[in-house]
Protein chains: 2
Amino acid sequence: MANAPVQRMSQLMAKTLRDDPADAEVLSHKLLVRAGYVRRTAAGVWSWLPLGRKVLANVERIVREEMDAIGAQEVLLPALLPREPYEATGRWDEYGAELFRLKDRKGGDYLLGPTHEEIFTLLVKDQATSYKDLPVILYQIQTKYRDEARPRAGILRGREFQMKDSYSFDLDDEGLARSYALHRQAYQRIFDRLGLDYRICAATAGAMGGSKSEEFLAPAAAGEDTFADCPNCDFAANTEAITYELKPVDASDVPAAEEIPTPDTPTIETLAASLGVPASATLKNLLVKVDGEIVAVGVPGDREVDLDKVEAHFAPAVVEMVTEGDFANRPDLVRGYVGPQGLDKVKYIADPRVAPGTAWITGANKPDTHARNVVAGRDFQVDEYVDVVVVQEGDPCPKCGTGLKLDRAIEIGHIFQLGRKYTDALKLDVLGQNGKPVRVTMGSYGIGVSRAVAALAEQHADDKGLIWPKEVAPADVHVVAAGKAQQTEVALDVSGRLAAAGVRVLVDDRAGVSPGVKFTDAELIGVPAILVVGRRAGEGVVELRDRRTGEREELPIEDALARLTSA
Amino acid sequence: MANAPVQRMSQLMAKTLRDDPADAEVLSHKLLVRAGYVRRTAAGVWSWLPLGRKVLANVERIVREEMDAIGAQEVLLPALLPREPYEATGRWDEYGAELFRLKDRKGGDYLLGPTHEEIFTLLVKDQATSYKDLPVILYQIQTKYRDEARPRAGILRGREFQMKDSYSFDLDDEGLARSYALHRQAYQRIFDRLGLDYRICAATAGAMGGSKSEEFLAPAAAGEDTFADCPNCDFAANTEAITYELKPVDASDVPAAEEIPTPDTPTIETLAASLGVPASATLKNLLVKVDGEIVAVGVPGDREVDLDKVEAHFAPAVVEMVTEGDFANRPDLVRGYVGPQGLDKVKYIADPRVAPGTAWITGANKPDTHARNVVAGRDFQVDEYVDVVVVQEGDPCPKCGTGLKLDRAIEIGHIFQLGRKYTDALKLDVLGQNGKPVRVTMGSYGIGVSRAVAALAEQHADDKGLIWPKEVAPADVHVVAAGKAQQTEVALDVSGRLAAAGVRVLVDDRAGVSPGVKFTDAELIGVPAILVVGRRAGEGVVELRDRRTGEREELPIEDALARLTSA
């Protein structure tokens, strides 16, 4: 094995801090700053110090090896990109304020790439002319830019960050499915090797367009995504992507609808209490304006409307809440007593839980009056079924019906079957086997490389600090010279021997720093094995500590070396 | 040795072109595009295709290994940088139009880093508090941005490019000298390993400030720098940095100055011809305006004034040429007949060749009249000596006097002893051994990583294409399957065996491509060894070609494998 480097802490630019940075809210932010891995340069813009750079490089290496293994070809595209291709696909505008835009000295419009679908499509358009040139998977590991409204959580959500993005180009849907499956497998190998706990979840495609998409989510309290996990079957999905199946029921024995006086019950809570029924027996009707037109949204009384889902459904139309003024202009809409039956000139969308045949207590469109036995499909028509409710813990699994568990998670990877959105916009064809042009179909796949470092820090830490999995750790062994100059000499000698055997060593050889401070720093920094060269070094005895388990063992130096070099 | 990858050309995204790109002027631009290494994305903004990315990664690896070897610590700083630190050092403005500036969504000012002195200084200010924390050398390999007025020559002078930049921080001048020497040695090892022909040349410090600086120049016709090389001693310098020594001479036997009528001799050429003297016997006086004040610049009549040197001397004052209007306003300045003697109210600077005691024929400040025996220091005073002439082939070596040779070259590396320019502006002190604050001194060192690839292409090519040195080549062996399917099978088998022995293989397994086209592509791509699996493959015989020498040898497959795996 080749000689590995010995990094001496006496010379290392990695100051540890005793206190959390004032602006840090999440664990990984606190620990990575305190342990000297990263430093903030500007809002959402970070510098990687030597130890952080090593971890980042380890993650990059693993990503590279597994991408190479599926036959992906590494390229490096620019981050500074011309406006035109993004104009052609509409993303120059769609990205809104999230896109960093700038002008060059001649006034030309440029952007800092947030993701590179357009440029890769043009590259393949330049390079591939025939069906023989496909399929191809291209990838890069590169700096990306997004002007987040609220950059937060340290490197978890930066404005400049490292990403692996890859793009597949295929002749047909079967080819795309193959390229997608290759990525799915490569991502599993990558996250397994990184030592991340993760779930593969069905996902909405979001702003990327396209059909099939899955997210790789790493459960962590600091996560910005919520995902639902079935304790019984293998179902897992981002809650944004869960849709309830429409299940019509038989309403033939439901009596005719009738009005009931319900004074002073303008809310679901007051109504349910007054009638002695559960909120789930009532139908809640939320009024919104979609591009200025009033739309009613019906959901069971015990559920919350997820306005993000409503907005996503109507996008790019603008969704607003109704105002006092809207009620004043529309006397047919009785605030607190709206019901879908007899609602004229108002589009009615409903959650699938308001399936045909279900019966409800709902507003009667008169003050202080509700109606009961109001049946969907009989007493009112639903213009469109859209899943718009907030998913709750215990909601039935769409696959097996078991109550779902909800968790926070970090999105560490995302794979998309984009289809022809970009190849249509940029007209990417190759000559097919039959001599006719074939429109190429495309996939897009991302891994947040710097974010993966944050996810690792979230998942691999305790109250003392970080605990890196072996393959990503900044070193294999942290040698602590705990004592006088003599111990330091032994520690450096041991470090040299370990390095000669290919073990990556961080050695704390600082003079004038107490053993206690060195131990605290070693636990904060989180190298998996800690070798203490202390009082008994003179007798040839050292202590080996396992950072994760906390186990300690005194043993002869030679035994410790044998153990560490065989690991 | 570990398994190396086999890259199949049938799947490789690297289209070769028969013709030079229309906009290409220099060799490396033509060849790197034609051989499928890079593609233009926008003016001065390039994409690295798979083979190009491999060469770039090889250069990065060599740079990294040699920087690590001198104890430099790798970090990664952002490219998107806040305005404030660059405001503090004055470079936000000084950089002018070359700096890409942009605003974030909140209107904050940012720039894309052209070089990172400010940010590294602030990083060390955050990390180092005591003399014990120094010296330190930090480096990064990172994307840099400069909005060149005329991006040209492909990747040789891009607006987005890869650079290794490092920064040393020391307590005193001796420390800085040591850090500088370490870099100088590391750079020699790097460029030696890269296989570049280069010279270490004295350089002006340019816009960076500071005292001592040397450039690593790679001779190439496409170079933008001119350097002078002594054929006799070890002197080499960027011509911008050469200054002639001031050598006063004895003028005691020069007769008194006297006027001579010289009708119709407004130029040096007409004057010298009319008097029958060499132009070098005359003194040329160029008038310029420095911030509006007229200044005369005296140089021997046979020399050209280098206006860049004049501007550099007076910077940041603005230097302009005098106009008709200026002569009209100053009747004492007689156009074509200006002489330094009796020139009132005009600052006079002169080249050191106009040393005290030298005698000249020059204008007499009267129409159609010159003066001879006009002696510097006797008949006129020089306010300031500044070397302002264009260096010429054959000028004496400042060290040994031999006539210098001039050549074009590419600047591939630059090392600077910056001193305290940035640490003063950003107040970087550490506590010294005596308990008092010490102002830190700094060096800054750069290698153009992507430019080095262009320099390699300039120096290692022939009329058939590129010829990469082994350590940077995109593969070790280019296996060409020159024939039918059977040869392709053998070629792939041979490639697999080479790869298993750790040899990096590019194999041309394309179907329907003639052997002739494959040979032409192999020569264009420039992998050092070419293994042809052709007609005699059935008998177990292949051909080994040396791309550089063109030597060919037929030999048994096993012998070829043995040769290639032992190389």
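None of the figures in this text is laboratory data; all of them are computed from the coordinates on show. Computed from a prediction, not measured in an experiment: that's the story for all the values here. Glycine gets a Cβ as well: all are built from the backbone with ideal geometry, and neighbour counts include every protein chain shown.
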At 7 Å along Cα-to-Cβ for each site, give me the label-to-label distance between B:ALA43 and A:GLU539 in nm.
7.6
Length gained when the stretch A:LEU275-A:LYS247 is fully extended (0.36 nm per residue, less Cα-Cα span):
7.4 nm
With a point put 7 Å past each Cα toward its Cβ, work out how far B:ALA149 is from A:ASP264 in nm, to one decimal.
8.3
Rounded to the nearest 0.05, what FRET efficiency do B:SER514 and A:HIS313 give with R0 = 51 Å and r taken as the Cβ-Cβ distance? Could you check?
0.35
Loop-located trypsin sites (Lys or Arg not before Pro) in region A:54-152, at most 11 other Cβ atoms within 10 Å (DSSP)
A:LYS106
Find, among the GluC sites (Glu not before Pro) in region A:499-563, those assigned to loop by DSSP (not H, G, I, E, B) with at most 10 other beta-carbon atoms within 10 angstrom.
A:GLU551
Principal axis extents for region B:258-385, Cα atoms only, whole Å, descending order, please.
41, 31, 24
Ordered by residue, what ³J(HN,Hα) values in Hz, to whole numbers, does region A:550-555 give under the Karplus form 6.51 cos²θ - 1.76 cosθ + 1.60, where θ = phi - 60° and Gly and Pro are x?
x, 4, 10, 8, 8, 7
Compute the label zone of B:ASP20 within region B:451-479: residues whose backbone N is under 18 Å from the point 7 Å along Cα-to-Cβ.
B:454-467
Spin-label zone in region B:85-126 - amide nitrogen under 19 Å from a point set 7 Å from the Cα of A:GLU87 along the C-beta vector
none
Using 0.36 nm per residue of separation minus the Cα-Cα distance, give me the extension gain between A:THR323 and A:LYS366 in nm, one decimal.
13.6 nm
If you keep only loop residues by DSSP, which GluC sites (Glu not before Pro) in region B:237-297 have at most 14 other Cβ atoms within 10 Å of their Cβ?
B:GLU245
What is the Cα centroid distance between region A:51-83 and region A:8-45, reported in whole angstrom?
24
Relative to the longest principal Cα axis of chain B, at what angle does helix B:117-127 sit, 0 to 90 degrees, rounded to 10?
70
From phi via Karplus (6.51, -1.76, 1.60), per-residue ³J(HN,Hα) for region A:142-151 in Hz, x at Gly/Pro:
8, 7, 10, 10, 9, 7, 4, 5, 10, x
Would you mind checking the tilt of helix B:449-459 against the longest principal axis of the Cα atoms of chain B, expressed as 0 to 90 degrees and rounded to 10?
90
Measure out, as a whole number of angstrom, how far apart the alpha-carbon centroids of region A:392-457 and region A:500-564 sit.
44
If the only charges are +1 at each Lys and Arg Cβ and -1 at each Asp and Glu Cβ, what is the size of the charge dipole of region B:258-385 around the Cα centre, to the nearest 20 debye?
280
Using 1/(1 + (r/R0)^6) with R0 = 22 angstrom and r between the beta carbons of B:GLU489 and B:LYS464, what's the FRET efficiency to the nearest 0.05?
0.20
At a threshold of 8 angstrom on Cα-Cα distance, excluding pairs fewer than six apart, so keeping six or more, what relative contact order does region A:258-385 reach in percent?
29
Starting from the Cα of B:GLU304, step 7 Å along the direction of its Cβ; do the same at B:SER10; then give the gap between the two resulting points in nm.
5.7
Residue among A:VAL490, A:THR262, B:GLY443 farthest towards the positive dipole end of the protein assembly as shown, charges placed on Cβ
A:VAL490
Any chance you could run the full-extension gain for B:LYS289 through B:ASP68? It's 0.36 nm times the residue separation minus the Cα-Cα distance, nm to one decimal.
74.6 nm
Considering amide H positions built from the backbone, and no H for Pro or chain starts, which residues 5 or more places from B:PHE100, or on another chain, come under 5 Å of its amide H?
B:LEU112, B:ASP147
Could you compute the FRET efficiency for B:ALA221 and B:ARG105, with r as their C-beta to C-beta distance and R0 at 45 Å, rounded to 0.05?
0.45
Unpartnered Cys in chain A, judged by a 4.7 Å Cβ-Cβ cut-off, are A:CYS201
Rounded to the nearest 20 Debye, what is the dipole magnitude of the protein assembly as shown about its Cα centre when Lys and Arg each give +1 and Asp and Glu each give -1 at the C-beta?
1440
The relative contact order of chain B, taking Cα pairs under 8 Å that sit 6 or more residues apart, comes to a percentage of 19
